[in-house]
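Remarks on the structure that follows.
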Amino acid sequence: MTAPAAAPPAFTAESPWVRRAARPGRPRLRLLCFPYAGMGASLYRSWPDLLPEDVEVVAVQPPGREDRARDALPSGVGPLARACALALRPYTTVPYAVYGHCAGAVLGAETARELVRRGAEPPRLLIAAGHRAPHLPARTEPLHALSDEDFLAGVRALGGLPDRLLANASFMEFLLPLLRADFALWETHRGDPDAPPLPFPILPLRGDADTVVTAADAAAWGERTTAPPRDVVHVPGGHYFVNDMTPEAVAAVVAALETTRTLPPTDPEASS
């Protein structure tokens, strides 16, 4: 009789910043996941069941999101990245990769930069999904300064929040100031074009129906790394394809993580 398949690991809050779906034993790779503006760690709750069993998912819970709704956002992306790096440093003792979606791609990149500055090994890979390279100017007008009605219309057009939430007036009354503050943080952030290139490979990932980020915007991530540029991978979906991961999108993430197997070991404990 075949034993029933083990249930996928559930997220556990290991600090205000970290939700981890722990794997038994020592994972081959940890995937540090950063959500887009306005969304929290629950964005990745299904991923442990989608990825290989030797990949452990660690999702970041930024302040102002979900169960941290009452926690104030830092004053800028730099302080936020430093706080993320402090929380994630203990999770970099095994090889790790980073996935960030939209604003989470920029936060993931800056957090990884800060981790390396603090003595961690570089990530094996950054998967930068749904965001232009951070040194490029924005293609759209900022939303955060608009009236409530126009701001929510803009958010609805992007597709980042389900209609059932947008239609819930009492919930949106609570969420609106948090969402506006989060958008303000990212829409006023300007990447430093003179910042040193990132010392790890970057794979740009883009929904093939994305009307916000062009293929050229995504490809420009190759200008921000010391590693050889990688071709943009296109998957079915729009700007927020991560909300409904198609089999093709899952396969693209898995294939990207598989490429890390061929890289030299970076784990100090593996060679001891």
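The values are calculated or read from the model by the stated rules, or taken from the named source; none is laboratory data. Everything quoted here is computed from the prediction, not taken from an experiment. Counting neighbours? That spans all protein chains shown, and the Cβs are built from the backbone with ideal geometry, glycine included. For accessibility, only protein heavy atoms count, side chains too; no ligands or nucleic acids. Shrake-Rupley method; radii C 1.70, N 1.55, O 1.52, S 1.80 Å.
General remarks:
- Probe 1.4 Å, protein heavy atoms only - accessible area per residue of region 33-90 in square angstrom: 38
- Residue by residue, region 159-173 carries 3J(HN,Hα) couplings of x, x, 10, x, 4, 5, 7, 4, 7, 8, 4, 5, 5, 5, 4 Hz when phi is fed to the Karplus relation 6.51 cos²θ - 1.76 cosθ + 1.60 (θ = phi - 60°); x denotes Gly or Pro.
- Given charges at beta-carbon only (K, R positive; D, E negative), |dipole| of the chain in Debye: 680
- Summing Cβ point charges (Lys, Arg +1; Asp, Glu -1) relative to the Cα centre of region 110-188 gives a dipole of roughly 460 debye.
- Mean separation of Cα pairs under 8 Å and 6 or more residues apart, divided by the residue count, gives the chain a relative contact order of 18 percent.
- The chain, accessible surface, carbon-and-sulfur percent (1.4 angstrom probe): 56
- By the helix-only formula, in which each DSSP H run with n ≥ 4 contributes -39500 (n - 2.57) and the sum is divided by residues, the chain has a 222 nm mean residue ellipticity of -9000 deg cm²/dmol.
- 10 Å-binned pair-distance histogram of the chain (Cα, whole percent): 6, 31, 38, 20, 5, 1, 0
- Ordering G154, T259, S46 by Cα displacement along the dipole of the chain toward the positive end leaves T259 in first place; charges were set at the Cβ atoms of Lys, Arg (+1) and Asp, Glu (-1).
- Once the chain from L166 to A69 is taken as fully extended at 0.36 nm per residue, the excess over their C-alpha distance is 33.2 nm.
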